[in-house]
Amino acid sequence: MSAPARAGVFIYAKDLPRLAAFYAAVLGLRQVHADDDIAVLASPDLQLLVHRIPAHIAAAIHIETPPVRREDCAIKFFATVPSLADAGTTAASHGGQLFDERWQGPGFVVCNAMDPEGNVFQVRESRP
């Protein structure tokens, strides 16, 4: 990446490699930096930073398999994907899921999704 991003999303992760791999695969992002504490994923439209939760805090967090949906968050991001069907297949193969309910907007269809740690976000597919 030639310059710092002007905007992005920051997600805390108990399992940094797993969550970074999930978002890279589902959202079509490429990893532009990684170390023990952070993975920086990017596309022309989005920069996503996945940051490891400190060990003393992570020890008190239990992630179930399959994950339990976290609905008590005050913010939810969205990203556009080429195909909701493909995103759903990819999400499932990486420990997350797309939910069945869909909403139409002007030029897109959207649905909620969940990552392997239960964080909820939205994916959108452009429609003519």
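The values are calculated or read from the model by the stated rules, or taken from the named source; none is laboratory data. Since this is a predicted model, take the numbers as computed values, not measurements. Glycine also receives a Cβ, built like all others from the backbone with ideal geometry; neighbour counts cover every protein chain displayed.
Of all the listed residues (Y23, Y12), the sole one being among the aromatic types (F, W, Y) and within 15 Å of A58 (Cα to Cα) is Y12.
Go through region 73-128 and report how many residues are on the phi > 0 side of the Ramachandran plot and either of a type outside the set (G, A, S) or within 13 Å of the chain's Cα centre (by Cα) (or both).
To start, the set of residues in region 73-128 that are on the phi > 0 side of the Ramachandran plot comprises 95, 107, 118.
This time we only want the ones that are either of a type outside the set (G, A, S) or within 13 Å of the chain's Cα centre (by Cα) (or both), so: 95, 118.
Here the count works out to 2.
Can you confirm whether region 29-48 contains a residue that is under 17 Å from N112 (Cβ atoms), modelled with pLDDT under 95 and small (G, A, S)? Checking region 29-48: not a single residue is under 17 Å from N112 (Cβ atoms), modelled with pLDDT under 95 and small (G, A, S).
The set of residues from region 34-50 being surrounded by fewer than 17 Cβ atoms within 10 Å (Cβ to Cβ) and touching a residue at least 12 places away in the same chain (Cβ under 8 Å) comprises A34, D36, D37, I38, S43, D45.
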